[in-house]
Amino acid sequence: MAYLNENYLKLQAGYLFPEIGRRVKEFCDANPDVASDVIRCGVGDVTEPLPRAAVDAMHAAVEELGHRETFRGYGHEQGYEFLREKIVEHDYRSRGIEIAADEIFLSDGSKSDCGYILDVFGDQNTVAITDPVYPVYVDTNVMAGHTGPANANGAYDGIVYLPCTAENNFVPEPPAAHADLVYLCFPNNPTGAVATREDLARWVEYARQHNALLLYDAAYEAYISEPEIPHSIFEIPGAQECAIEFRSFSKTGGFTGVRCGFTVMPKSVRARTEDGRSLPLHPLWHRRWSTKANSVSYPVQRGAEALYSDAGKAQVRGLVEHYMGNARILRDAAIAAGLQVFGGANAPYIWVKTPGDLSSWAMFDRMLHELHVVITPGSGFGSCGEGYFRMSAFNSRENAIEVARRLQKLA
Ligand SMILES: *Cc1c(COP(=O)(O)O)cnc(C)c1O
């Protein structure tokens with residue numbers, strides 16, 4: 001009989017979203033008269049249609065593939081240069097960052113990249129992860145065998161957890177403990193927190209002192225409204241020696257269903273061998289891509305490219321403004337209802353302290369039963385999320401206004 005990967009058996013049950021679904025269904029079955037009244041403010045998925053520029057570019061690209069003269073087969077394994085050049089120009093050079101086009105690797109999204117990147121790292125690394133957190137960073141490391149089993153609280157042996165609390169503004173200080181890999185995500189899902197230049201400079205300093213690498217998830221950079229907040233880890237001097245950045249078109253161009261993202265792997269990022277040699281990771285990452293994949297479909301890459309056209313940029317800005325308008329409405333309403341509110345200013349997530357000492361799940365039930373609003377319990381993102389809940393601004397304006405109205409019942 002074949003052996004299975006026993007690391008998968010260490011994974012905690014995918015509890016959060018199935019449990020939310022179960023409770024919502026139970027409520028709707030028991031209260032069919034109000035079932036259509038329930039508004040979902042839980043999942044982190046976009047709601048608005050694709051920017052027209054991307055739709056038109058994808059149509060045209062599909063048409064090209066249907067004619068002998070313009071047909072294309074396999075593309076470049078890192079993604080087409082036409083898109084990588086646009087990324088270099090608009091996401092990096094425009095901010096004074098010099099990234100080469102061959103340091104960009106296009107993929108089917110950041111979630112995938114979070115898993116793929118572990119291909120080029122050894123099993124010996126100590127991994128530091130924030131709490132609460134986007135669960136993908138944790139689970140991919142568990143699957144790769146980089147942790148021990150989980151304890152009763154769901155924390156895995158071997159992971160250095162970085163508590164994110166109201167006291168540290170949900171931006172952790174570098175720990176005293178050593179880590180080899182540190183996952184950071186700003187603007188943050190689920191807390192909506194952003195890191196300042198000084199915060200990030202401390203992490204780059206930590207990485208230099210510990211010979212660590214920062215795995216920086218910037219999926220929400222387009223939502224930053226304050227001009228002094230960095231959009232990229234590479235805005236911090238020295239980061240090109242110690243950071244890898246993940247970006248996605250999911251939350252900017254509404255590509256959660258289309259699928260496209262990329263990693264930036266600077267050629268100056270190095271890691272060690274067991275016998276103490278220091279080697280660049282870029283050739284390994286390139287080898288990983290050219291061996292295991294052929295990048296993203298041509299029409300999708302043309303769609304992503306169109307997001308950088310003048311029309312595309314304006315349409316992306318329109319989407320971000322729409323969601324951030326919702327965020328403002330929800331944030332103001334939660335404050336008016338007397339709740340303690342974080343995030344929602346540079347991110348499409350509002351992170352709210354539960355009133356009294358209500359647990360995250362008790363608050364979930366109260367919001368569902370009394371307000372008919374579905375939120376995400378903070379405890380689902382890690383033990384430091386207990387006592388909080390997340391509201392997503394990914395919704396129609398109409399729904400955001402209605403949720404804001406209902407929140408006043410909590411006052
Ligand atoms: C949505 C999201 C992403 C993007 O994931 P894709 O796979 O590109 O859709 C990345 N990181 C975080 C924290 C997210 O919430």
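Where a number appears in this text, it was derived from the coordinates with a stated rule and is not lab data. What you are looking at is a predicted structure, and each value in this text was computed from that prediction instead of being measured. Cβ placement follows ideal geometry from the backbone for every residue including glycine, while neighbour counts extend to all protein chains displayed.
For this structure, a couple of remarks:
- Qualifying residue in region 133-156 (condition: touching a Ser or Thr at 6+ places or on another chain (Cβ under 8 Å), under 28 Å from Glu221 (Cα atoms) and not in a helix (DSSP H, G or I)): no
- Taken over region 237-251, the residue count meeting the criterion of being crowded, with 23+ Cβ neighbours inside 10 Å and within 12 Å of the ligand (Cβ to nearest atom) is 6.
- Test: residue in region 379-391 that is in a strand (DSSP E or B), aromatic (Phe, Trp, Tyr) and either crowded, with 24+ Cβ neighbours inside 10 Å or in contact with a strand residue (DSSP E or B) (Cβ under 9 Å, 6 or more places away or on another chain) (or both): yes
- Qualifying residue in region 260-271 (condition: of a type in the set (Phe, Trp, Tyr) and within 15 Å of the ligand (Cβ to nearest atom)): yes
- Residue in region 395-403 that is farther than 25 Å from Pro172 by Cβ, surrounded by fewer than 20 Cβ atoms within 10 Å (Cβ to Cβ) and of a type in the set (A, V, I, L, M) present: yes
Every residue, every condition in (1) crowded, with 22+ Cβ neighbours inside 10 Å; (2) of a type outside the set (Val, Ile, Thr); (3) in contact with a strand residue (DSSP E or B) (Cβ under 9 Å, 6 or more places away or on another chain); (4) part of a helix (DSSP H, G or I), yes or no:
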| position | (1), (2), (3), (4) |
| --- | --- |
| Pro174 | no, yes, yes, no |
| Ala177 | no, yes, yes, no |
| Val182 | yes, no, yes, no |
| Pro187 | yes, yes, yes, no |
| Pro190 | yes, yes, yes, no |
| Glu205 | no, yes, no, yes |
| Gln209 | no, yes, no, yes |
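- Among the residues of region 347-367, the ones that are surrounded by fewer than 21 Cβ atoms within 10 Å (Cβ to Cβ) and within 22 Å of His322 (Cβ to Cβ) come to 0 in all.
- Scanning region 211-236 for residues that are part of a helix (DSSP H, G or I) and among the hydrophobic types (A, V, I, L, M, F, W, C), we see that the one that is surrounded by the most Cβ atoms within 10 Å (Cβ to Cβ) is Ile233.
- Against the test of being among the aliphatic types (A, V, I, L, M), away from the ligand (no atom under 15 Å from the Cβ), more than 21 Å from Tyr15 (Cα to Cα) and under 17 Å from the mean Cα position of the chain (by Cα), the options Ala166, Ala177, Ala128, Ala100 yield a single qualifying residue, Ala128.
- Looking at Pro172, Pro149, just one residue is in contact (Cβ under 8 Å) with a residue 12 or more places away in the chain, under 18 Å from the mean Cα position of the chain (by Cα) and over 20 Å from Ala271 (Cβ atoms), and that residue is Pro172.
- Sole residue being in contact (Cβ under 8 Å) with a residue 12 or more places away in the chain and assigned to a loop (DSSP other than H, G, I, E, B), chosen from Ile99, Ile117: Ile99
- Within region 1-60, being surrounded by 16 or more Cβ atoms within 10 Å (Cβ to Cβ) and hydroxyl-bearing (Ser, Thr, Tyr) holds for one residue alone: Thr47.
- Top-ranked residue of region 135-163 - restricted to ones that are hydroxyl-bearing (Ser, Thr, Tyr) and in contact with an Asp or Glu (Cβ under 7 Å, 6 or more places away or on another chain), ranked as farthest from the ligand (Cβ to nearest atom): Thr147
- Any chance Phe82 is under 25 Å from Gly257 (Cβ atoms) and assigned to a helix (DSSP H, G or I): yes
- Residue match in region 50-68 (condition: in a loop (DSSP other than H, G, I, E, B) and under 24 Å from Ala314 (Cα atoms)): yes
- Residues (hydrophobic (A, V, I, L, M, F, W, C) and under 25 Å from the mean Cα position of the chain (by Cα)) located in region 343-359: Ala345, Ala347, Ile350, Trp351, Val352
- Among the conditions (1) assigned to a loop (DSSP other than H, G, I, E, B); (2) within 16 Å of the ligand (Cβ to nearest atom), the only one that Asp91 does not satisfy is (1).
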